[in-house]
Structures are given as C-alpha cells and as structure tokens.
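What follows is a single structure, written as structure tokens, with notes after it.
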Amino acid sequence: MLKNKMGYVIAGLIAAVLMLSACGESIDDAKVSEDLEDSIEQVNAAEEQETEVIAPHQDLNQEPVPVEMERDGSDVYITMTSQITDIEIAPGEFYKAWTFNGEAPGPLIEVMEGDTIHFTMENLDPAIPHSMDFHAVHTAPDKGFADVAPNEEGTFVYPATKPGVFMYHCGTDPILSHIANGMHGVIIVHPEDGYPTDNEVDREYVLIQNEWYKYNDLDDMTNGEPSQVVFSSKTLNGGDQPNTNGTATALQDEPLLAKVGDKVRFYINNVGPNEVSSFHVVGTIFDDVYIDGNPANHMEGMQTVLLPASGGVVVEFTVTEEGQYPFVTHQFNHATKGGVGVLKVTEDGLDDGAEVSGH
Ligand SMILES: [Cu+2]
C-alpha cells in the first residue's frame, strides 16, 4: 500500500517535470520545489498511517513488571500495571503491544469464590488512559472499571462471587484497539467446593486464544481478518507450566507434557477480541466439560467446545497412548494462522526430545 502511494507520488512528480521540459517552457523552480515538498509530506503521512505507533510510544519498551498479589483472609490485594512492551507475536515478529504487566495476554490472576478483590492499576503509559474490566465481578462499570489517567493509579474493590474462567480486558475507548493491541487476560475464580472431578485430575494447564491484526489499525481490527490466531499458556499458581505470550507456534516450540493414562485438565479462555474458538484436542474426547468453568455447567463426552469471544471452559480428557496430541481451534483457517499447540504424551511424562510435528 505504502509502496504504491510512494510510487504514484514519485511517478506523478517525474511526469510533471518531463511535461514541463517537453513543452519547452521554463521550469518554475519555486513550483517544482513546492510540489516536491507536498510529495514528501504525503509520503511521510502515508508512513505514519502504516506504522501508527503513537508518538510517545515510539521508543518505549517497558520492562515487564511482575503482578503483585497479597491475601489477608478473603481480601485479596492485586496490583497490576498498564504498560507498553514489545511482544513477539510470531517468530521474529515484534508488536509494540499495549499490555498488562508487559505480557500479552496479561498475567494469570487466581482468586477463590467468595474473595473480595482490592484491585489497583498503575498506569505506566505516559500517553493514554487505560482501565480494567474483570468479567468475574459485579460492579457498576462506570465506577468499577473507570479509566486511569497516564502516570496515575486507581484502586477498585469488588466481590468475586461466581466461580469460573473469566476474561479480563482494558475497557477504555476505543475498546477494540485496547484489546486487540494486547490488553486482555484471564482471571480464574476457583470454586469454593472444587469440581466434582478434582481427585481424578493428574495435571492441569491454562490456555488462552487470541488474535493479532495489523499494528494498531482500528480499521483492520474492525473490518479485516486476523494476521495471527494464537494460543498461549500461563503458569498456574506455583506450578511449572510454561508462561508464554501469544506467539504463533509458542506451544509447538514448547509443547505441554503429560504421561500415558493421565487425566488432563485445561482451563481455557478465548479472549478474541473478535473470533470464536472451536476448541478441540486431536485424538481424544472430553470426558468432562464445565462451561465457563462453573461446576454447575457440567457436560460429558464432547469432541469440540465452542468458546464465544470472552468465553471460558474447563475441559478434562484422558490420554491413553504415547504420542503428540495437537490442540486446535477447529476453524482451520485460524489453525493455519497459528492456532495450534501440542500436548506431548510420554511413558514417564517427561519430554523425550522428539521433534514436534505440526498437524
Ligand atoms: Cu487500555
């Protein structure tokens, strides 16, 4: 697009000069230099349109700040940042993301059903306001999810009364830009009484699906198709699961692991922002499914679960043979854009070093 625009401008300019010369008329130097200036301005404008990194973000790549979390009885004090950090969205391809704590998706938040969340956001972005919309809570959005100005902080308090695997995201206008630029993540509210299948589960992972679009291009985010559809994994409290960003191939390069005979649980959320996920694990059937991660929504024997944008689920399945089990969004146009990961199943549950083959 940019090349075309530049091409037109330059070709037009050359044509104008040639026409003037050919007619034998004296070239008005002032006029030509004015045209040239106009052309350069147009090219610069086109370049700005192409990158659309807002000026104060241009040289900013803020070091990820770890999330802070402290518990006092059922009061949980969580401090997060909004910040500008480069995120690898595909091998070697970096995106100057708008993030929570320098991760995209943001860090996994875990609380218990019945907790009160005291949430503080420090907005480290020098340029624009951000906010937090937790799908896990009840609050008046204009107060509980209010904007926090650049270089300011805001504190909000709300109860987490329903268990589930919930999305969180920035809710500042234009919301689509804030989410698609990276401000999304997952909060798990663990059920007070657990899941009925808790004692059957051998290992568990958190997976998130999200999309990437042309850089900070609201028109492409609104009307275009995602350039990448990706899975990431986030570390559950104290575990040794991988903690990745939404990088295409991340969970093929670093496969998840299980042992033959394991019952595996995935907590999954599709943070979108636009597309649904048709989540499927090749080579198995989900024994137990809890829609949105609520134990009351128990289903059995499912092949594929549909996750609306922002929707969550807990799925549990048993791996009966050694091998590589790809998990995909079964919308294969999205799977080919990165929406594939691999669960490697070995005799001892350790990585056997075998190369991961795509699906
Ligand atoms: Cu934001």
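Filter segment 179-212 down to residues that are surrounded by 24 or more Cβ atoms within 10 Å (Cβ to Cβ) and out of contact with any Phe, Trp or Tyr (no Cβ under 8 Å at 6 or more places or on another chain), then give me how many there are.
Total satisfying the criteria: 3.
For Ala258, are the conditions met, namely being modelled with pLDDT under 95 and surrounded by fewer than 23 Cβ atoms within 10 Å (Cβ to Cβ)?
no
Has segment 237-254 got any residue that is assigned to a strand (DSSP E or B) and at pLDDT 95 or above?
Checking segment 237-254: not a single residue is assigned to a strand (DSSP E or B) and at pLDDT 95 or above.
Select from segment 124-161 the residues that are under 19 Å from the mean Cα position of the chain (by Cα) and more than 22 Å from Asn61 (Cα to Cα) and write down the one among them that is farthest from the ligand (Cβ to nearest atom).
Ala136
Determine, yes or no, whether Glu225 is without any contact (Cβ under 8 Å) to a residue 60 or more places away in the chain and more than 22 Å from Asn294 (Cβ to Cβ).
yes
Condition first: touching a residue at least 12 places away in the same chain (Cβ under 8 Å) and among the acidic types (Asp, Glu). Now tell me which residues in segment 228-258 satisfy that.
Asp253, Glu254
Suppose the filter is within 16 Å of the ligand (Cβ to nearest atom), surrounded by 18 or more Cβ atoms within 10 Å (Cβ to Cβ), among the acidic types (Asp, Glu) and under 30 Å from Thr336 (Cα atoms); does Glu52 pass it?
No, not satisfied.
Do we have any residue at all in segment 340-351 that's modelled with pLDDT of 95 or more, closer than 20 Å to Val271 by Cβ, surrounded by fewer than 16 Cβ atoms within 10 Å (Cβ to Cβ) and not polar (S, T, N, Q)?
Checking segment 340-351: not a single residue is modelled with pLDDT of 95 or more, closer than 20 Å to Val271 by Cβ, surrounded by fewer than 16 Cβ atoms within 10 Å (Cβ to Cβ) and not polar (S, T, N, Q).
Say we look at segment 80-94 and pick out the residues that are crowded, with 22+ Cβ neighbours inside 10 Å and of a type outside the set (Val, Ile, Thr); which of these is farthest from the chain's Cα centre (by Cα)?
Once the filter is applied, the top-ranked residue is Met80.
Does segment 125-152 hold any residues that are part of a loop (DSSP other than H, G, I, E, B), surrounded by 12 or more Cβ atoms within 10 Å (Cβ to Cβ) and of a type in the set (A, V, I, L, M), and which are they?
Ala127, Ile128, Met132, Ala136, Val137, Ala146, Ala149
Hey, Ala104 hits all of (1) buried (at least 22 other Cβ atoms within 10 Å of the Cβ); (2) closer than 22 Å to Gly238 by Cβ; (3) of a type outside the set (S, T, N, Q) but one; which does it fall short on?
With respect to (1) buried (at least 22 other Cβ atoms within 10 Å of the Cβ); (2) closer than 22 Å to Gly238 by Cβ; (3) of a type outside the set (S, T, N, Q), Ala104 is out only on (2).
For segment 274-359, which strands (runs of 3 or more DSSP E) that fit wholly inside it have 1 or more residues that are more than 28 Å from Glu93 (Cα to Cα)?
286-291, 298-302, 304-307, 312-318, 323-329, 340-346
Considering only segment 162-203, state which residues are part of a loop (DSSP other than H, G, I, E, B), away from the ligand (no atom under 12 Å from the Cβ) and not aromatic (Phe, Trp, Tyr).
Passing the criteria: Lys162, Pro163, Pro191, Glu192, Asp193, Gly194, Pro196, Thr197, Val201, Asp202.
Can you tell me which residue is nearest to Glu153 (Cα to Cα) among those in segment 68-118 that are within 16 Å of the ligand (Cβ to nearest atom) and of a type in the set (A, V, I, L, M)?
Top of the filtered list is Met80.
The values are calculated or read from the model by the stated rules, or taken from the named source; none is laboratory data. Bear in mind the structure is a predicted one, so any value in this text is a computation, not a measurement. Cβ sites come from the backbone with ideal geometry, for glycine too, and all protein chains shown count toward neighbours.
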